[in-house]
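Just below is one structure, and these are the notes that go with it.
Every number in this text was worked out from the coordinates using simple rules, so none of it is lab data. Because the structure is a prediction, the values reported are computed rather than measured. Quick reminder, even Gly has a Cβ in these numbers, built from the backbone with ideal geometry, and neighbours come from all protein chains shown.
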Amino acid sequence: MTETIMNISNPYVGERRPGSVGLPLPGISVRLSESGEILLKGPNVFAGYWKREDATREAFEDGWFKTGDIASRSEDGYYTSQRPKTSDLIISGGFTSTRGKSRNF
């Protein structure tokens, strides 16, 4: 994701939980929307799309960046991916596909 850098990771010290994407990194705030989408705040999250105010408004919810990733959170704070992103974008080997339309990069 180019809108942000690393946000959640399994710790080097402490429990590394298999299957989990881990805990929020220091300075990163994470919450789940009602649908389970990961929402982020932090100094690593971009301010908005250049000259695309409509896309910027769509990408944020009350100041939280909507990642499109669906996850669950354990009681002790570990996040686990539940299913693919909410968007239909697939990038594989330089080939991008969205809703049946494709282009090569």
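What number of residues within the range 33-73 are more than 16 Å from residue 4 (Cβ to Cβ) and of a type in the set (A, V, I, L, M, F, W, C)?
The number of residues fulfilling the criteria is 1.
Within the set of pairs 6+ apart or on separate chains, which have a first residue in the range 36-60 that is closer than 13 Å to residue 24 by Cα, a second that is basic (Lys, Arg) and surrounded by fewer than 15 Cβ atoms within 10 Å (Cβ to Cβ), and C-beta atoms under 6 Å apart?
Sorted first by the residue in the range 36-60, then by its partner, the pairs are 39/31.
For every residue, the table says whether it meets (1) surrounded by 16 or more Cβ atoms within 10 Å (Cβ to Cβ); (2) hydroxyl-bearing (Ser, Thr, Tyr).
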| position | (1), (2) |
| --- | --- |
| 2 | no, yes |
| 13 | no, no |
| 25 | no, no |
| 29 | no, yes |
| 37 | yes, no |
| 40 | yes, no |
| 43 | no, no |
| 47 | no, no |
| 50 | no, no |
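Scanning the range 61-70 for residues that are touching a residue at least 12 places away in the same chain (Cβ under 8 Å) and not basic (Lys, Arg), which turns out surrounded by the fewest Cβ atoms within 10 Å (Cβ to Cβ)?
Only one residue fits best here, namely 63.
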